[in-house]
Amino acid sequence: MKNSTVMKQLKRFRFIAFIALVLNSTSCDDFVEVPLPNSQLTGTTVFESELTANAAMAQIYIQLRDGGILTGLPTGGSLNLGLYSDELRDYTTSAISQPIYNNSLTDDNATVGSLWRLSYSQIYNVNSIIEGLNSSTSLSTSFKEQLKGEALFVRALVHFYLMQIYGNIPYIKTTNYEINRQVPRQTSTEVYNAIVIDLEESIELLSETYVSADNARPNKMAARALLARVFLYMDRNADAIEQASNVIGSSLYVWETDLNKVFLRNSTTTIWQFASATAVRNTNEGTTFIFVSGPPPLCALQNDFINAFEVGDQRKVKWTKAVTNGTTTWHHPFKYKLRTATSSSQEYSVVLRLAEQYLIRAEARAKEGDLSGAIEDIDLIRNTAGLPNTTAVTNSEILDEIQKQRRFELFTEYGHRFFDLKRSGTITTVLSAVKPGWNSTDVLWPIPQSELNANPNLLPQNSGY
């Protein structure tokens, strides 16, 4: 049990060591710059100063951007869940990515293990911050509330993605090693309820406005946006409508009709995004997905996906790009246009954006019987893509249209396609038709065997592994 990779992470990132790492970092990240103190830090000292407490939270966002499920690097969810579903084709010969693409995962696959391990490391570090804030007597109440709201938001976010990939998971709310090394998995209902509790408290604590430039730290609307998604997944449709409508109605955001501006750093539809690592860097996604000659070095969009766009859909024109060697043509995602540094950062990695809120509200409205309201939201998405109003009329037609729009609006963004196929109950029908290795049990990834060996309370292994 003591050899668990998760537990080793929990021991390694003991609170004081974690904060010391933050403050000794030589990164040029523009989340916050913190000078190295002269004396040895203690947990209490970290939360005596807004500067050092902010540094601890800033390091969380750096970890999310550069590792785990939400990174736009090749190790993250956008690429790997795109390969696992029907968005991307793998062009490598990697013994790690090929089993993901071929739906032949094993419980010792490196990506299976790293996404689990890094995610729980991020959760542990967030819990360290929450505990430090709760114990602090030096920081102002308003500052502690803002930072705790951010931490609760991140804890809910990472658990949400873990559950979509691995199914029943532990919801970790403490840094207590003795508790965490024996924690059992919880049902999806229990995890969803814990996520809702964290997000509702986060909404109460966070400020309405952003506390940093470029929407790079979450505000109240970011928590509402994630809660709207969670409520949709829970079939709490009236609640999803309420939360999405709050975000859509906020004066902080303005609908963008130019598709080329949606993923710019200053987009008016961005709810929350990761700042780049330096003042001249752009996104990890641009580096991962864009290629300039064929064959692709890593991946390309599936031909079936490219061919499925409706005639006239400007998302195909603006958000994908063809590359040819004269005989063969490939397409890569082109939501982010830049793959190298520029004189100043032009693009940040967008995690939450306004279009998803319209799609959430459309689906929830349809399920609640408000078909005209659902059509209104769908048509905004369609018209922005250069398409005419939908011809869908019946409830089932409207729901099908929403799933279609989600496919072409949210492709290669953190696994939306994979999650949508699962929750719609169509995943096996859709993927078995295009992926020879697909089995119905592939709806979940395996729990890493090293974790099961170390903590038998995580048993049983997911079906099929």
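The values are calculated or read from the model by the stated rules, or taken from the named source; none is laboratory data. Owing to the predicted nature of the structure, the values given are computational and were not obtained by experimental measurement. No Cβ is skipped: glycine too gets one built from the backbone with ideal geometry, and neighbour counts run over all protein chains shown. For accessibility, only protein heavy atoms count, side chains too; no ligands or nucleic acids. Shrake-Rupley method; radii C 1.70, N 1.55, O 1.52, S 1.80 Å.
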> Can you tell me which of T384, T429 is crowded, with 17+ Cβ neighbours inside 10 Å, among the β-branched types (V, I, T) and over 30 Å from E178 (Cβ atoms)?
Replying inline: T384
> Is it the case that the stretch 111-122 has a residue that's β-branched (V, I, T) and buried (at least 24 other Cβ atoms within 10 Å of the Cβ)?
Replying inline: yes
> Of all residues in the stretch 216-244 being in a helix (DSSP H, G or I) and among the acidic types (D, E), which is least open to solvent (accessible area, probe 1.4 Å)?
Replying inline: D239
> Looking at the stretch 204-215, which of the residues that are open to solvent by 10 Å² or more (accessible area, probe 1.4 Å) and aliphatic (A, V, I, L, M) is nearest to N246 (Cα to Cα)?
Replying inline: L205
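Are any of the residues in the stretch 272-293 at negative phi, within 22 Å of the chain's Cα centre (by Cα) and open to solvent by 70 Å² or more (accessible area, probe 1.4 Å)? Talk me through it step by step, then tell me what you get.
At the first step, the residues of the stretch 272-293 found to be at negative phi are 272-293.
Narrowing the set further to residues that are within 22 Å of the chain's Cα centre (by Cα) leaves 272-278, 281-290.
Still in the list and also open to solvent by 70 Å² or more (accessible area, probe 1.4 Å): 281, 287.
For the stretch 272-293, residues at negative phi, within 22 Å of the chain's Cα centre (by Cα) and open to solvent by 70 Å² or more (accessible area, probe 1.4 Å): present.
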> In the stretch 405-417, is there at least one residue being buried (at least 21 other Cβ atoms within 10 Å of the Cβ), closer than 30 Å to S349 by Cα, at pLDDT 95 or above and aliphatic (A, V, I, L, M)?
Replying inline: no
> Quick one: in the stretch 22-67, which of the residues that are of a type in the set (S, T, Y) and at pLDDT 90 or above is least open to solvent (accessible area, probe 1.4 Å)?
Replying inline: Y61
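Considering only the stretch 249-271, how many residues are outside any loop (DSSP other than H, G, I, E, B), buried (at least 20 other Cβ atoms within 10 Å of the Cβ) and either of a type in the set (A, V, I, L, M, F, W, C) or modelled with pLDDT under 95 (or both)? Can you show your working first?
Quick first cut of the stretch 249-271, residues outside any loop (DSSP other than H, G, I, E, B) only: 259-261, 270-271.
Subsequent filtering for residues that are buried (at least 20 other Cβ atoms within 10 Å of the Cβ) retains 270-271.
Now narrow it down to the ones that are either of a type in the set (A, V, I, L, M, F, W, C) or modelled with pLDDT under 95 (or both): 271.
Residues that pass the stated criteria total 1.
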>> Let me spell it out: the conditions are (1) among the aliphatic types (A, V, I, L, M); (2) open to solvent by 20 Å² or more (accessible area, probe 1.4 Å); (3) closer than 27 Å to T71 by Cβ, and I179 meets all of them except one. Which number is the exception?
In response: (3)
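State yes or no: is I129 at pLDDT below 95, more than 25 Å from F231 (Cβ to Cβ) and either under 24 Å from the mean Cα position of the chain (by Cα) or among the hydrophobic types (A, V, I, L, M, F, W, C) (or both)? Give the derivation first.
Numbers: at pLDDT below 95: no; more than 25 Å from F231 (Cβ to Cβ): yes; either under 24 Å from the mean Cα position of the chain (by Cα) or among the hydrophobic types (A, V, I, L, M, F, W, C) (or both): yes.
It is false that I129 is at pLDDT below 95, more than 25 Å from F231 (Cβ to Cβ) and either under 24 Å from the mean Cα position of the chain (by Cα) or among the hydrophobic types (A, V, I, L, M, F, W, C) (or both).
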>> So the check is Cβ under 6 Å with 6+ separation or different chains; which pairs have a first residue in the stretch 209-227 that's free of Cβ contacts under 8 Å to residues at least 12 places away in the same chain and a second one that's among the aromatic types (F, W, Y) and surrounded by 19 or more Cβ atoms within 10 Å (Cβ to Cβ)?
In response: none
> For E363, all conditions in the list (1) surrounded by 24 or more Cβ atoms within 10 Å (Cβ to Cβ); (2) of a type outside the set (F, W, Y); (3) touching a Gly at 6+ places or on another chain (Cβ under 8 Å) hold save one; what is the number of the exception?
Replying inline: (3)
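Listed residues L105, L70, L152; which is touching a residue at least 24 places away in the same chain (Cβ under 8 Å) and surrounded by fewer than 22 Cβ atoms within 10 Å (Cβ to Cβ)? Give the derivation first.
Values: L70 fails: surrounded by fewer than 22 Cβ atoms within 10 Å (Cβ to Cβ); L152 fails: surrounded by fewer than 22 Cβ atoms within 10 Å (Cβ to Cβ).
The match here is L105.
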>> Return the residues of the stretch 377-403 that are in a helix (DSSP H, G or I) and either without any contact (Cβ under 8 Å) to a residue 12 or more places away in the chain or more than 28 Å from the chain's Cα centre (by Cα) (or both); say none if nothing qualifies.
In response: D379, N383, N395, S396, E397, D400
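When the residues of the stretch 294-308 are filtered to those that are open to solvent by 70 Å² or more (accessible area, probe 1.4 Å) and over 17 Å from F408 (Cα atoms), which remaining residue is farthest from the chain's Cα centre (by Cα)?
Step one: of the stretch 294-308, the residues open to solvent by 70 Å² or more (accessible area, probe 1.4 Å) are 295, 297, 303-304, 307.
Checking which are over 17 Å from F408 (Cα atoms) leaves us with 295, 297.
Values: P295: 29, P297: 24 Å.
Of everything passing the filter in the stretch 294-308, P295 is farthest from the chain's Cα centre (by Cα).
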